[in-house]
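Novice: Dumping the structure here so I can ask a few things about it.
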Amino acid sequence: MTKMSSKNPKISLQDIKQFEQEYDVTLPNQYVDFLLEYNGGYPEESNFKISDDEGESLVNKFYGIGDMKSNLSKVFEVLEGEIPEDFISIANDPGGNEILLGVSGEYQGKIYFWIHDIEPEEEMGNMFILADSFDEFFNNLYLSK
C-alpha cells in the first residue's frame, strides 16, 4: 500500500463540501477519504504505468485544499477550459502533465493521465485511463525499479 512521505494540513468534511459547492463538482467517496486523511502531499511510492506506448511517469504531488502553493482551487482555475469539463486535476507529474479524476457522467471516479503537450485530434486524444477508481490508482503506485 502506498505511503505518504508528507501531507498537507488536515481539513474537514465541511472544507471539502465548500470546495464542491464552489466548483460545482461531486468528489467520489474514495477521494474524499484521501483528502480527509492526507489532504494531498507527496507519495513515497510514486511511479505508475501510463500505457505500453507512453511508458511510465510518477506522481510529483497530490493537490490539497487550503492555503498551499499548489491547491485544488488554483489548479482548477488554471486548467479550466484546458481539460475536459468532466474532470478535475488531483496531481501532477514532473513534466507538467496532470492526473485527472472524473467527477461526472461515465468518467465519475476514474483516473486519467492528461499529457499537456500533445495536441489531440479528437477530444480526450491526449488522455489515458490509469484506473477505474482513486483507490485502485493510489494503491497501485510503486517505487521505480
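FYI, it's all coordinate maths here, none of it is from the lab. Everything numeric in this text was worked out from a predicted model, so none of it was measured. Here the Cβ is made from the backbone with ideal geometry for all residues, glycine too, and neighbour counts use every protein chain on show.
Novice: Give me the net charge of residue 3's neighbourhood, meaning all other residues with Cβ under 12 Å from the Cβ of residue 3; Lys, Arg count +1, Asp, Glu -1.
Specialist: Here the count lands on -2.
Novice: Eight or more residues apart or on different chains, and alpha-carbon atoms under 25 Å: count the Lys pairs in the chain matching that.
Specialist: The result is 28.
Novice: Taking 30 Å as R0, compute the FRET efficiency from the Cβ-Cβ separation of residue 15 and residue 139 and round it to 0.05.
Specialist: 0.75
Novice: Just add up the charged neighbours of residue 78: K/R +1, D/E -1, any other residue whose Cβ is under 13 Å from the Cβ of residue 78.
Specialist: Result for the neighbourhood of residue 78: -2.
Novice: In debye, nearest 20, what is the charge dipole magnitude of the chain about its Cα centre with +1 on Lys and Arg Cβ and -1 on Asp and Glu Cβ, if you could check?
Specialist: For this selection, approximately 940 debye.
Novice: Sketch the reach of a paramagnetic label on residue 32 as a point 7 Å from Cα along Cα-to-Cβ, and name the residues of segment 1-21 whose backbone nitrogen lies under 19 Å away.
Specialist: Label zone hits: 10-21.
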